[in-house]
Amino acid sequence: MLKIKVPFDPELKHHLIIALSLSLWIFIFLFFTEPLDVNQLSTSEKLLFLPIYGIVGAIAYLALMPLQHWLFNRNNENWYLQTEIIIFIIFILGGLIVTRLVYLYIIVPNEPNPYSLRYFTLSIYLPAMVTILPIVIAGRWAFGKYKDKKLADEKIEIQGEGTYEGLKLLYNDLIVIKADDNYIDVQYLDNSILKKQLIRNKLSKISEDFPQLLRTHRSYLINPYHFKKWEMIKGKLHINLSNEIIIPISKTYSENVKETLNN
């Protein structure tokens with residue numbers, strides 16, 4: 001169950017927005033609920049000290065970004081429920097440590113009887129987190145769903161003839177399409193893994209539907225995005241594409257291919 005995928009957006013700018021919203025909400029929460037002896041502070045002191053908690057909360061969240069980026073890449077750019085839970089556990093524990101230090105050394109320095117760690121955690125910190133976490137969860141979920149919708153809108157569809165199933169994918173994930181009798185053999189990337197799919201259709205029809213693809217041979221259409229280098233094999237010119245896919249170039253299309261890829 002924990003291995004199920006959940007919406008996730010890795011873009012840093014969106015997490016900066018979440019951190020800013022978190023900082024503002026922490027300040028508002030502390031200002032109006034007055035925990036942590038806040039009621040003993042004057043209005044001017046509240047405006048001076050309480051934003052520190054908001055800034056600390058934002059920094060604690062943003063400090064997770066390197067780990068989050070590493071986990072995202074480690075999972076082949078997938079994000080799972082268990083990964084999300086790990087991030088939140090670290091965020092909660094890290095936030096507890098930092099807010100405790102802020103309380104002891106900034107809010108009540110030299111106070112002879114500060115709140116005990118147990119009371120601070122159970123009666124102040126965790127109730128505060130109950131109001132704070134929904135902001136973070138909602139923000140992460142919303143940006144994740146927005147990213148998923150944006151990716152869905154950017155996908156192209158290679159259709160099969162009649163009722164035969166087609167294939168939806170991002171254009172830059174498509175590497176090459178090869179004619180195979182009454183079918184086409186589509187080679188593409190799925191989370192950086194090379195995959196193939198046979199679809200009942202004609203290469204000429206695909207060429208009409210996607211003029212951005214480049215014909216290198218009567219049996220091949222390539223995505224120029226994946227061009228790596230030229231290769232000569234047995235005196236004939238070939239193209240080396242991503243994942244070391246070698247595609248022949250016929251004389252009929254060689255001039256156009258050279259001109260397109262060299263430019």
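The values are calculated or read from the model by the stated rules, or taken from the named source; none is laboratory data. Just so it is clear, the model here is predicted, and its values are computed rather than measured. Cβ atoms come from the backbone with ideal geometry, glycine included; neighbour counts cover every protein chain shown. The protein model used for the area step is the full one, side chains on, heavy atoms only, and it has no ligands, DNA or RNA in it. Shrake-Rupley method; radii C 1.70, N 1.55, O 1.52, S 1.80 Å.
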inquiry  = Just to confirm the number: angle between the C-alpha axis of helix 43-62 and the first principal axis of the chain, 0 to 90 degrees, nearest 10?
reply    = 30
Nonlocal Lys pairs with alpha-carbon distance under 28 Å, segment 47-181 (8 or more apart, or different chains) = 9
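Rounded to two decimals, what ratio of Rg to Rh does segment 150-240 give with C-alpha atoms and a Kirkwood Rh? Spell out each step's value before the answer.
Numbers: Rg = 13.5 Å, Rh = 13.8 Å.
Using only Cα positions, Rg/Rh for segment 150-240 is 0.97.
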key: Cα lying deepest toward the dipole's positive end in the chain, options Phe49, Tyr125, Ile193, charges on Cβ   = Ile193
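Given a 1.4 Å probe and every protein chain left where it sits, what share in percent of the accessible area of the chain is carbon and sulfur? Before the final figure, lay out the partial values.
On the way: 9040 of 15580 Å².
That fraction is 58 percent.
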Globularity ratio of the chain, using Cα Rg and 2.2 N^0.38 Å = 1.52
key: Reach of Lys229 by Cα under 13 Å, taken over aspartates and glutamates that are not fewer than 8 positions away in the same chain   = Glu244
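Given a 1.4 angstrom probe, what's the average accessible area per residue across segment 124-263, in square angstrom?
Working: 8390 Å² over 140 residues.
Computed with neighbouring chains in place, this is 60 Å² per residue.
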